[in-house]
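Peer 1: I have a structure I would like to understand better, so I am pasting it below and will then ask my questions one at a time.
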Amino acid sequence: MAEVARQAVERMELPDPVIRTSPDENFVQVVHVPTWMWVEKNSWGPVTETVKVPGVQVTATARPRLAVWSMGDGSTVSCTGPGTPYSAKHRPDTESPDCGHTYRRASLAEPDKTFTVSVRVTWDVEWRGGGQSGVVPGLVIGAQRQLVVDEVHAVVVR
């Protein structure tokens, strides 16, 4: 039975996480302005695989459990869900309710003038079949991208 379960787990195609931020990841993040992070919904959710061999069928279901973000500035952020996409109903200076980071320095002194931001999503797999069940914990899928972080200075003019 364990061999059939292993086959089901190996056949699973866990999605690569798609990194999203607000401000948008294709634009500049701003020092002292909260950055919201989330993993796109289609890359966060249950994945099921079934393997049938003569006399037995095993179904394995993987569920994401944790997203650990490395922000490129030495900080890490752990989120127990995909994160909340930013929407215009929030003020721009509002922190994410579940997955965010505020940069304290610009990335301009870094190589390529960017921070490398990565997310590692941990999945747990439960399998059932032939009157047995089990768990395969801790499968990890990751992604990364570059983010530019800059400072904005205000000038008061009369």
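The values are calculated or read from the model by the stated rules, or taken from the named source; none is laboratory data. Just so you know, these numbers come straight off a predicted model, no measurement behind them. A quick note on method: Cβ atoms are made from the backbone with ideal geometry, for glycine too, and the neighbour counts reach across all protein chains shown.
Peer 1: Give the stretch 67-84 a look and list any residue that's surrounded by 15 or more Cβ atoms within 10 Å (Cβ to Cβ) and more than 12 Å from Asp98 (Cα to Cα), or say none. Step through it out loud before you land on a result.
Peer 2: Here is the first cut: in the stretch 67-84, the residues surrounded by 15 or more Cβ atoms within 10 Å (Cβ to Cβ) are 67-73, 77, 79, 82-84.
Across the stretch 67-84, the qualifying residues are Val68, Trp69, Ser70, Met71, Gly72, Asp73.
Peer 1: Just to be sure, is Arg158 in contact with a His (Cβ under 8 Å, 6 or more places away or on another chain), part of a loop (DSSP other than H, G, I, E, B) and surrounded by fewer than 17 Cβ atoms within 10 Å (Cβ to Cβ)?
Peer 2: Working: in contact with a His (Cβ under 8 Å, 6 or more places away or on another chain): no; part of a loop (DSSP other than H, G, I, E, B): yes; surrounded by fewer than 17 Cβ atoms within 10 Å (Cβ to Cβ): yes.
Criteria not met by Arg158.
Peer 1: So Val51 passes all but one of these: (1) assigned to a loop (DSSP other than H, G, I, E, B); (2) within 26 Å of Val140 (Cβ to Cβ); (3) at pLDDT below 95. Which condition number does it fail?
Peer 2: (1)
Peer 1: Any idea which of Val117, Val136 is surrounded by 14 or more Cβ atoms within 10 Å (Cβ to Cβ), aliphatic (A, V, I, L, M) and under 20 Å from Val30 (Cβ atoms)? Show your work before the answer.
Peer 2: On the way: Val136 fails: under 20 Å from Val30 (Cβ atoms).
Answer to the check: Val117.
Peer 1: Is it true that Val53 is farther than 19 Å from Asp124 by Cβ, in contact with an Asp or Glu (Cβ under 6 Å, 6 or more places away or on another chain) and not hydroxyl-bearing (Ser, Thr, Tyr)? Please lay out each step first, then the result.
Peer 2: Numbers: farther than 19 Å from Asp124 by Cβ: yes; in contact with an Asp or Glu (Cβ under 6 Å, 6 or more places away or on another chain): no; not hydroxyl-bearing (Ser, Thr, Tyr): yes.
When the stated conditions are applied, Val53 does not pass them.
Peer 1: Let me ask you something else. If you scan the stretch 122-158, which residues turn out to be touching a strand residue (DSSP E or B) at 6+ places or on another chain (Cβ under 7 Å), among the aliphatic types (A, V, I, L, M) and free of Cβ contacts under 8 Å to residues at least 12 places away in the same chain?
Peer 2: Listed by number, the list holds a single entry, Val135.
Peer 1: Out of the stretch 141-155, which residues are loosely packed, with under 13 Cβ neighbours inside 10 Å and either among the hydroxyl-bearing types (Ser, Thr, Tyr) or in a strand (DSSP E or B) (or both)?
Peer 2: The answer is none; no residue qualifies.
Peer 1: I've got another one for you. Taking into account only those residues within the stretch 87-108 that are of a type in the set (Gly, Ala, Ser) and modelled with pLDDT under 95, which is nearest to Ala67 (Cα to Cα)?
Peer 2: Ser87
Peer 1: Among all residue pairs at least 6 apart or on different chains, which show Cβ distances below 8 Å where the first residue, located in the stretch 1-26, is farther than 30 Å from Met71 by Cβ and touching a residue at least 24 places away in the same chain (Cβ under 8 Å) and the second is among the acidic types (Asp, Glu) and surrounded by 17 or more Cβ atoms within 10 Å (Cβ to Cβ)?
Peer 2: If the second residue must be among the acidic types (Asp, Glu) and surrounded by 17 or more Cβ atoms within 10 Å (Cβ to Cβ), the pairs left are Ala8/Glu49; Val9/Glu49; Arg11/Glu49.
Peer 1: Every residue in the stretch 16-48 that is among the β-branched types (Val, Ile, Thr), closer than 30 Å to Gly134 by Cα and either over 22 Å from the mean Cα position of the chain (by Cα) or not in a strand (DSSP E or B) (or both), please. Break it down into steps so the answer makes sense when it comes.
Peer 2: From the stretch 16-48, those among the β-branched types (Val, Ile, Thr) are 18-19, 21, 28, 30-31, 33, 35, 39, 47-48; that's our starting set.
With the extra rule that they be closer than 30 Å to Gly134 by Cα, the set shrinks to 18, 39, 47-48.
Hit for the stretch 16-48 is Val18, nothing else.
Peer 1: State all residues of the stretch 73-124 that are among the basic types (Lys, Arg) and within 17 Å of the chain's Cα centre (by Cα); if no residue qualifies, say none. Before the answer, list the steps.
Peer 2: So in the stretch 73-124, the residues among the basic types (Lys, Arg) come out as 89, 91, 104-105, 113, 120.
Listed by number, the list holds a single entry, Arg120.
Peer 1: Among (1) under 22 Å from Val140 (Cα atoms); (2) surrounded by 15 or more Cβ atoms within 10 Å (Cβ to Cβ), there is one condition Arg63 misses while meeting the rest; what is its number?
Peer 2: (2)
Peer 1: Do we find that Gly142 is within 30 Å of Gln7 (Cα to Cα) and modelled with pLDDT of 95 or more in this structure? Before you say what the answer is, go through the steps one by one.
Peer 2: Numbers: within 30 Å of Gln7 (Cα to Cα): yes; modelled with pLDDT of 95 or more: yes.
Spelling it out, Gly142 is indeed within 30 Å of Gln7 (Cα to Cα) and modelled with pLDDT of 95 or more.
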